[in-house]
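In what follows, a structure is listed as structure tokens, so that the remarks can point back to it.
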Amino acid sequence: CSRWEEEKKEGGVKWMQLEHRGPYFVPLYEPLPEDVQFYYDGKPLKLSLATEEIATFYAKMLDHEYTTKEIFQNNFFHDWKKEMTSEEQEIIKDLDKCDFREIHKYFVDKNEARKALPKEEKQKLKEEADKIQEEYGYCILDGHREKIGNFKTEPPGLFRGRGEHPKMGMLKKRIMPEDVIINCSRDSKIPEPPEGHKWKEVRFDNTVTWLASWTENIQNTLKYIMLNPSSKLKGEKDWQKYEVARRLKDVVHTIRAQYRKDWKSKEIRKRQRAVALYFIDKLALRAGNEKEEGETADTVGCCSLRVEHIQLHPQLDGQEHVVEFDFLGKDSIRYYNKVSVEKPVFKNLQLFMKNKDPTDDLFDQLNTHFLNKHLQHLMDGLTAKVFRTYNASITLQEQLKALTNPEDSVAGKLLSYNRANRAVAILCNHQRSIPKTFARSMQVLQEKIDAKKKQVEEAQEEVKKAEDEFEDTKDAKAEANVEKKKKLLKRLEEQLAKLNVQATDKEENKQIALGTSKLNYLDPRISVAWCKKFGIPIERIYNKTQREKFAWAIDMAGEDFEF
């Protein structure tokens, strides 16, 4: 039997044996060379080691937009002062008088030097990294040697956060062995802490899958060392996620009928739940949990939408009952969409917004707990998130059916695949900023296209010349020459077509992130089946890391798989 189908364990037990080396701690701070100086108010100032280390975090980020933001500067300065000696606190009173430029230049030069290292030096560094990976990057889990995902602790630095995060610039402290809880099996060789240190605690909890954990100091959240996505445990979890989404397919019609009925419910709370569910289902919005104010950037999801986030238009651009959404979602990504909704939804929204201020909750009687409890009642294991997975996967499957032309070349089929993936990314609002290198790489591609066009034109001339020659001589050699020239022309035309497809793909993709949905929302068996059906090598869709993560799907899915 394959490793995906080994015996299941009972009662929440995730493993019987777990042995590992513990986390790899990032190297300690190396002081700056004597000739690299920090200046205060124009004069060089020798900093204590701890203060200097934090100064380098800021210096490294000088050319980053973050360091121009007031909130980042204030948070940094506040945390930096706390770590200074009392003498330093007396002198350093104003961030504007601090000059980090020499330190910044030192790190830029160091980086350049590393990039310019000769090949054998680079190879040496790679071998050292591989050695650490071999030693710390694997564990033994129930007799299998499994890869660990993130086996290194995060280095100290300044917190960045996404969007306008209120805590940006705060000091992310160094993780010490004393902060770390180790989890392994009782009979295993318990990992040794680095010399002179001890672990915070050693646990033997086989109902969880993490190997080590600690609390990070900025959000006070727990961080875990987990197994790599390619491991059996993670693969099983991934597989189960898509199986739950497939079960939704069988009951989604009943659920839709139910929420439509609830639009007319006597209870306002039920109406709000039904409209929210309609948005989650139709627009693949995230559920939107409640959040502590001032702890994170002001982002919302469906249940936490405020009145100010939507505008109602009885008529707009030739459509009726249009809702215009404009809000910041997860990671401060803007969601902007104009959607024509059904009339009862529109009427309900008017009702929910009545006599409310812009900052009031749209769904004031609804929270994610109440919504998910209702969903669990409709189907075992159903939460709002499952709708996103379901709608993403079903969209990919339908789009692939609609767009793939069996007669197309491989490049043509891959363009269709990417277009189907784009439809999903747009549904899920997975955006990216246009890559800095976009214009340049587009220009390079365009130059290739122009050169190829010229070759095609020349080849057309050659064919014409050969045909004329054959007309005159009618001999076999001239006839063979015509065939040869035509073959060359056909090859060049195919190459040109392929380049044009690439350009189209690149242009359509410049602001859309395909990776998020590919890794997290799309049942990989849909893609594997599509590849097998149309004879596309799987590596054209999934890179090596993705193929490892989706080994279970590549193993399981035949070309007839239906989500």
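Whenever a residue of the stretch 223-240 is free of Cβ contacts under 8 Å to residues at least 24 places away in the same chain, its partners that are part of a strand (DSSP E or B), lying with C-beta atoms within less than 6 angstrom and at least six residues away or across chains, give the pairs 224/213.
For the stretch 30-54, the set of residues classified as in a loop (DSSP other than H, G, I, E, B) and touching a residue at least 40 places away in the same chain (Cβ under 8 Å) consists of 32, 33, 36, 37, 38, 41, 42, 45, 47, 48, listed by residue number. Comparison of 276, 297 shows that the only residue that is in contact (Cβ under 8 Å) with a residue 24 or more places away in the chain and within 25 Å of the chain's Cα centre (by Cα) is 297. You will find that of 480, 476, 497, the residue that is in the same structural domain as residue 420 (by the TED database), among the small types (Gly, Ala, Ser) and under 30 Å from residue 438 (Cα atoms) is 497 and no other.
Of all residues in the stretch 84-105, those being closer than 15 Å to residue 34 by Cα, surrounded by fewer than 16 Cβ atoms within 10 Å (Cβ to Cβ) and out of contact with any strand residue (DSSP E or B) (no Cβ under 9 Å at 6 or more places or on another chain) number 1.
Let's see how each residue does on (1) at pLDDT 95 or above; (2) in contact with a strand residue (DSSP E or B) (Cβ under 9 Å, 6 or more places away or on another chain); (3) within 30 Å of residue 553 (Cβ to Cβ); (4) buried (at least 16 other Cβ atoms within 10 Å of the Cβ):
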| position | (1), (2), (3), (4) |
| --- | --- |
| 7 | no, no, yes, no |
| 12 | no, no, yes, no |
| 15 | no, yes, yes, yes |
| 20 | yes, yes, yes, yes |
| 27 | no, no, no, no |
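The set of residues from the stretch 106-134 being within 30 Å of residue 218 (Cα to Cα) and either of a type in the set (S, T, N, Q) or in contact (Cβ under 8 Å) with a residue 60 or more places away in the chain (or both) comprises 106, 111, 132, 133.
Of the residues making up the stretch 104-144, those that are in the same structural domain as residue 184 (by the TED database), in a helix (DSSP H, G or I) and among the aromatic types (Phe, Trp, Tyr) number 1. If you go through the stretch 239-271 and keep only what is of a type in the set (Asp, Glu) and touching a Phe, Trp or Tyr at 6+ places or on another chain (Cβ under 8 Å), you end up with nothing. Taking the stretch 173-229 and the strands (runs of 3 or more DSSP E) fully enclosed by it, the elements with 3 or more residues that are out of contact with any Lys or Arg (no Cβ under 6 Å at 6 or more places or on another chain), assigned by the TED database to the domain that holds residue 138 and surrounded by 13 or more Cβ atoms within 10 Å (Cβ to Cβ) are at 212-215, 222-225.
Going residue by residue through the stretch 420-428, is there one that turns out to be in contact with a helix residue (DSSP H, G or I) (Cβ under 9 Å, 6 or more places away or on another chain), outside the structural domain of residue 305 (by the TED database) and open to solvent by 20 Å² or more (accessible area, probe 1.4 Å)? Among the residues of the stretch 420-428, at least one is in contact with a helix residue (DSSP H, G or I) (Cβ under 9 Å, 6 or more places away or on another chain), outside the structural domain of residue 305 (by the TED database) and open to solvent by 20 Å² or more (accessible area, probe 1.4 Å), which makes the answer yes. Of the residues contained in the stretch 430-445, one or more are found to be under 28 Å from residue 282 (Cα atoms) and either open to solvent by less than 40 Å² (accessible area, probe 1.4 Å) or outside the structural domain of residue 503 (by the TED database) (or both). Is there a residue in the stretch 476-487 that is among the polar types (S, T, N, Q) and open to solvent by 70 Å² or more (accessible area, probe 1.4 Å)? Within the stretch 476-487 (the criterion being among the polar types (S, T, N, Q) and open to solvent by 70 Å² or more (accessible area, probe 1.4 Å)), the answer is no, since none of the residues qualifies.
Summed over the stretch 60-74, the residues that are of a type in the set (A, V, I, L, M) and part of a loop (DSSP other than H, G, I, E, B) give a count of 2. Beta carbons closer than 6 Å, at least 6 apart along the sequence or on distinct chains, pair a first residue in the stretch 1-22 that is among the basic types (Lys, Arg) with a second that is at pLDDT below 90 and not in a loop (DSSP other than H, G, I, E, B) for 3/232.
Looking across the stretch 348-365, just one residue is part of a helix (DSSP H, G or I), polar (S, T, N, Q) and open to solvent by 40 Å² or more (accessible area, probe 1.4 Å), and that is 350.
Go over the candidates 171, 222 one by one and state the one that is under 29 Å from residue 300 (Cβ atoms) and modelled with pLDDT of 95 or more. Testing whether each residue is under 29 Å from residue 300 (Cβ atoms) and modelled with pLDDT of 95 or more leaves just 171.
One line per residue, one yes/no per condition, for (1) touching a helix residue (DSSP H, G or I) at 6+ places or on another chain (Cβ under 8 Å); (2) among the acidic types (Asp, Glu):
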{"residue": "249", "(1), (2)": "yes, no"}
{"residue": "258", "(1), (2)": "yes, no"}
{"residue": "262", "(1), (2)": "yes, yes"}
{"residue": "267", "(1), (2)": "no, yes"}
{"residue": "286", "(1), (2)": "yes, no"}
{"residue": "292", "(1), (2)": "no, yes"}
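Put simply, of 345, 322 the only residue that is touching a helix residue (DSSP H, G or I) at 6+ places or on another chain (Cβ under 8 Å), surrounded by 14 or more Cβ atoms within 10 Å (Cβ to Cβ) and not polar (S, T, N, Q) is 345.
Would you mind finding the one in 77, 57 that is part of a helix (DSSP H, G or I), at pLDDT 95 or above, open to solvent by less than 70 Å² (accessible area, probe 1.4 Å) and in contact with a strand residue (DSSP E or B) (Cβ under 8 Å, 6 or more places away or on another chain)? Explain how you work it out, then say what you get.
Details: 77 fails: in contact with a strand residue (DSSP E or B) (Cβ under 8 Å, 6 or more places away or on another chain).
That would be 57, the only listed residue that is part of a helix (DSSP H, G or I), at pLDDT 95 or above, open to solvent by less than 70 Å² (accessible area, probe 1.4 Å) and in contact with a strand residue (DSSP E or B) (Cβ under 8 Å, 6 or more places away or on another chain).
Got a number for residues in the stretch 375-385 being in contact with a helix residue (DSSP H, G or I) (Cβ under 6 Å, 6 or more places away or on another chain) and either modelled with pLDDT of 95 or more or open to solvent by 20 Å² or more (accessible area, probe 1.4 Å) (or both)?
Residues of the stretch 375-385 in contact with a helix residue (DSSP H, G or I) (Cβ under 6 Å, 6 or more places away or on another chain): 378-379, 381-384.
Checking which are either modelled with pLDDT of 95 or more or open to solvent by 20 Å² or more (accessible area, probe 1.4 Å) (or both) leaves us with 378, 381, 383.
Qualifying residue count for the region: 3.
The condition (being assigned by the TED database to the domain that holds residue 258 and at pLDDT 90 or above) is satisfied by just one residue among 361, 450: 361.
The values are calculated or read from the model by the stated rules, or taken from the named source; none is laboratory data. Source: prediction; values computed, not measured. Positions of Cβ are backbone-derived with ideal geometry, glycine not excepted, and every protein chain shown enters the neighbour counts. Just the protein is used for accessible areas: all its heavy atoms, side chains included, with ligands, DNA and RNA removed. Shrake-Rupley method; radii C 1.70, N 1.55, O 1.52, S 1.80 Å.
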